[in-house]
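In what follows, a structure is listed as structure tokens, so that the remarks can point back to it.
The values are calculated or read from the model by the stated rules, or taken from the named source; none is laboratory data. The shown structure was predicted, so the numbers you read here are calculated from the model rather than taken from an experiment. Note that each Cβ is placed from the backbone with ideal geometry, even for glycine, and that neighbours are counted across all protein chains shown.
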Amino acid sequence: MTIARRPDAVQLHPIAEESLDVLIIGAGISGIGAAYYLQKELPQKSFAIVEPRGALGGTWDLFRYPGSRSDSDLYTFGYEFKPWKSDKAIANAQSILNYLQDTARPYGVDRKIRYHHKVLNASWSSEGARWTVKIERADSGVRKIVSCRWNFCASGYCDYEDGFSPRFEGAETFRGTIVHPQKWPEGLDYAGRNVVIIGSGATAVTLAPAMAETAAHVALLQRTHSCVMSVPSQDRLANFLKRMLSEERAHALIRRKNAARQYGFWKFCRTFPRTARRLIRAATRKQLPAGYPVDIHQPTVRPLGSASLRRPGRRPLQGAAGGAGLHRHQQDRPFRGRWRTARLGSDAAGPAPRMSAMASLFLNALPSVASGPRLDS
Ligand SMILES: Cc1cc2nc3c(=O)[nH]c(=O)nc-3n(C[C@H](O)[C@H](O)[C@H](O)COP(=O)(O)OP(=O)(O)OC[C@H]3O[C@@H](n4cnc5c(N)ncnc54)[C@H](O)[C@@H]3O)c2cc1C
């Protein structure tokens, strides 16, 4: 793994060396989970977690936009060893962050985290069978080298410093506010404003109903339709099992149930995509007002392909607006980044948008990977 080095970083201090069995990069849900299992299964191994930010939680600490939440249920998204206690199976970012903190603390994982430590690069030596990892302290610029036998890269898949922002021609002269959900300004007041959300992925689908609560008008500008299915945020069977069984047994059972259900539904969609599409359409239609033109928003992608989303609540996206207007606009041709396209569409008539939220997240795929020699040898 090589991470670009800041060209202007000044080396003020001598490079210190440290030797560990394992270095876990990143204190998000993956890094914390890895640390838990590592100290449980191989308690004799030395390890540390390095994290450039001043807090654990990764995604769930970083994204602060309105409505930020999971779209997986927390029984399967959470850890097997740590029961999810809330009644809401699909949870908001703060509840997930609390869950991660409540996991890291009692198991002592938090004491293994070295905050403000950013990995700059890592190189493998076959002769020594070790990784050499260069780390910089984000607060002081001090650098050190950690040598380890196993390098567990749990650094997520997004660029924490700069989420991807496409260039929109004319954005410089746009009179409103442009916001990226990864850097949501604290206390941003959009009440009574006209909003265009660019993108139709999970972030956009989460953001739109939350902003529609107070905005004057919210338009969701999409290039490609995604499959959006409404699911209840509370799992009634799960809540029943939690009342009947111990926390651990209920969690294990619900986790299996949900994993089997997800797998079954995925398999069904892959095997019978047309039937799945018809079922999703029928379910959506049932939730919309009579005569709503459902088909103009029908996705062309396969259900449960790369562009399928779930949102909690019984009401479909269109109906989630409360008193405010919430509309989806389709742009059929590839989006060429002309800013004014955000105002196309009959529903967008009226004053020019004064504020826009940009929900286009194109994330680099860098899966969490573990590599190196066998540790138990
Ligand atoms: C709003 C939102 C909702 C989501 N909902 C879901 C969902 O419902 N289900 C699902 O499966 N996925 C969801 N995802 C994807 C989600 O990010 C992952 O599933 C999961 O949280 C990733 O956890 P992680 O620990 O692998 O990475 P992250 O949470 O991204 O954590 C990575 C950590 O690595 C650190 N790091 C990065 N670079 C370095 C470096 N150079 N040196 C040291 N440390 C570094 C970061 O600071 C961070 O703390 C969602 C994402 C977003 C943004």
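Miscellaneous remarks
- In the stretch 139-178, the residues that are within 15 Å of the ligand (Cβ to nearest atom) and in contact with a Pro (Cβ under 8 Å, 6 or more places away or on another chain): Y157, Y160, G163
- For the residues T76, T59, the requirement of being in contact (Cβ under 8 Å) with a residue 60 or more places away in the chain, within 9 Å of the ligand (Cβ to nearest atom) and within 16 Å of A154 (Cα to Cα) singles out T59.
- Residue pairs meeting the criteria (Cβ under 7 Å; at least 6 apart or on separate chains; first in a strand (DSSP E or B), in the stretch 138-154; second of a type in the set (K, R)): R143/K134; I145/K134; S147/R130; C148/R130; R149/R130
- The set of residues in the stretch 197-231 that are in a strand (DSSP E or B), under 19 Å from A276 (Cβ atoms) and in contact with a helix residue (DSSP H, G or I) (Cβ under 9 Å, 6 or more places away or on another chain) comprises C227, V228, M229, S230.
- Entry remark, the stretch 179-219: residues being under 20 Å from I90 (Cβ atoms) and away from the ligand (no atom under 16 Å from the Cβ) number 2 in total.
- Filtered residues of the stretch 111-138 (kept if acidic (D, E) and within 13 Å of the ligand (Cβ to nearest atom)): E136
- Answer from E127, E169, E161 - the residue that is surrounded by fewer than 16 Cβ atoms within 10 Å (Cβ to Cβ) and more than 29 Å from the chain's Cα centre (by Cα): E127
- Close Cβ contacts (under 9 Å, 6 or more residues apart or on different chains) running from residues in the stretch 94-107 that are over 13 Å from I29 (Cβ atoms) to residues that are among the β-branched types (V, I, T) and at pLDDT 95 or above comprise Y107/I32.
- Cross-chain or 6+ apart pairs with Cβ under 8 Å, the stretch 188-215 first and surrounded by fewer than 19 Cβ atoms within 10 Å (Cβ to Cβ), then β-branched (V, I, T): L188/T177; L188/V179; A191/T214; G192/T214
- Taken as a whole, the stretch 232-252 holds no residue that is outside any helix (DSSP H, G or I), closer than 30 Å to S165 by Cβ, touching a strand residue (DSSP E or B) at 6+ places or on another chain (Cβ under 8 Å) and not polar (S, T, N, Q).
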